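A quick write-up on the structure given underneath.
No value in this document is a laboratory result; all are computed from the given coordinates. On a predicted model such as this, the values are computed, not experimentally measured, just so you know. Cβ sites come from the backbone with ideal geometry, for glycine too, and all protein chains shown count toward neighbours.
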Number of protein chains: 2
Amino acid sequence: MARWDPDAPERLASAALDLFAERGYENTTVIDIAQRAGLTKSTFFRHFPDKREVLFGGDTVATLTAAAITAAPPEATPLEAVAHALETLGAQTFTPTRREFSAKRWTVIAATPELREREALKGLGITAAMIKALTGRGVPALTASVAAELAALAWKIAYERWHDPTSTAGFGELARQALTEVQAASALC
Amino acid sequence: MARWDPDAPERLASAALDLFAERGYENTTVIDIAQRAGLTKSTFFRHFPDKREVLFGGDTVATLTAAAITAAPPEATPLEAVAHALETLGAQTFTPTRREFSAKRWTVIAATPELREREALKGLGITAAMIKALTGRGVPALTASVAAELAALAWKIAYERWHDPTSTAGFGELARQALTEVQAASALC
């Protein structure tokens with residue numbers, strides 16, 4: 001049993017996901033997860049503060065998103081900067097090889113109130129990170145907030161479409177399309 | 001010690017808020033809350049499923065909001081229907097006499113990750129209720145989603161302004177103003 005392993009967070013997440021799907025979140029302990037991953041409970045807690053967090057990679061997604069918004073071309077509008085960030089996520093995080101895992105993870109979260117709570121909080125963190133990155137580009141605070149909320153909605157729509165097993169499009173492409181639809185809909189409110 | 005009391009939920013919420021502010025959420029038990037309210041632990045659990053929920057009134061706000069959207073004049077646009085709902089909330093729930101309690105509650109939630117998680121989940125529930133009520137008015141699904149997200153943002157802005165002790169405006173008035181600002185900002189994204 002390896003006590004140190006650079007892949008430990010991924011192995012723990014994968015083991016947790018399997019166990020949550022098999023027997024439910026409530027009926028799975030941190031020790032169960034560590035054992036299934038071939039690791040120890042203390043390794044688990046070196047990587048995650050609690051059982052919920054094993055399916056959430058800390059602030060990685062929020063940090064990546066904010067960095068990509070900051071790196072968007074200077075002339076980009078707020079939603080163009082966001083589209084650039086979602087395409088970066090599609091290239092680096094929500095890659096085709098991650099789709100099956102992501103879809104299974106999503107199903108487990110949707111079925112588990114404790115995980116939906118954590119997911120909701122993570123969503124607020126990502127929105128806050130987008131707002132901060134946009135205001136850093138000189139976007140006024142309220143416009144940044146609106147752009148971040150529209151982006152979060154487009155993200156959710158794209159995520160759902162990406163998880164659809166009959167779809168072959170990549171996350172970045174789906175996100176750009178959803179952003180266009182969301183922007184058009186905002187003019188009809 | 002009254003075992004049955006029609007005001008029990010409010011008394012428990014008020015006791016919980018005082019205790020959370022005094023000694024922190026983590027250091028307060030359900031028994032502490034019940035005792036402070038002059039009630040029993042079993043009365044607490046008749047009204048709330050867990051400690052977090054004592055500061056959240058179940059689905060009351062979501063239900064009220066949805067009903068008010070449904071009751072808005074038939075010719076109202078999606079955001080006008082939402083404005084109607086936020087004004088109804090200002091008249092029935094976020095009334096001037098509730099402002100001080102609400103501001104204190106908000107401060108405690110902001111300082112407590114467990115409560116912020118529950119708040120985030122409640123926010124999703126309210127947004128979902130708004131979407132359902134808007135589609136019930138014949139608004140297309142995506143437009144309803146965008147309107148609900150813009151409404152949630154305006155709600156948050158109005159809520160913050162309403163809690164400002166130097167402000168004298170009512171919640172409904174602040175919400176209508178915030179909605180106008182949010183709608184204008186959405187055209188600049």
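Assorted remarks:
- Remark: the B:Ala169-B:Phe45 segment gains 41.0 nm on full extension, using 0.36 nm per residue and subtracting the alpha carbon distance.
- For a straight C-alpha distance cut-off of 22 angstrom, the lysines reachable from B:Lys51 (same-chain residues fewer than eight places away being disregarded) are A:Lys51, A:Lys122, B:Lys41, B:Lys104, B:Lys122.
- Taking the C-alpha atoms only, the angle from helix A:60-71 to the longest principal axis of chain A is near 20 degrees.
- Using the Cα coordinates of chain B, the gyration tensor eigenvalues translate into equivalent-ellipsoid semi-axes of 33, 18, 15 Å, sorted from longest to shortest.
- Across the copies of the chain, B:Val30 has label points (7 Å from Cα along Cα→Cβ) spaced 2.3 nm apart, shortest distance listed first.
- Long-range tail of P(r) for the stretch B:8-54 (Cα pairs > 14 Å, %): 34 percent
- Against the main long axis of the alpha-carbon atoms of chain A, helix A:171-186 sits at an angle near 50°.
- Whole-Å semi-axes of the stretch A:89-189's equivalent ellipsoid (Cα gyration tensor): 24, 17, 13
- Computed from backbone phi, the HN-Hα couplings of the stretch B:135-142 come to 5, x, 8, x, 6, x, 3, 5 Hz, rounded to whole numbers (Karplus: 6.51 cos²θ - 1.76 cosθ + 1.60, θ = phi - 60°; Gly and Pro given as x).
- Diffusion constant of the protein assembly as shown at 4 °C, which comes from Stokes-Einstein with the Kirkwood Cα-pair radius and 1.567 mPa s, µm²/s: 58 µm²/s
- The angle between the Cα long axis of helix B:8-23 and the longest principal axis of the Cα atoms of chain B comes to about 80 degrees, rounded to the nearest 10.
- CD proxy at 222 nm, helix term only [per DSSP H run n ≥ 4: -39500 (n - 2.57); per residue of chain A; nearest 500]: -23000 deg cm²/dmol
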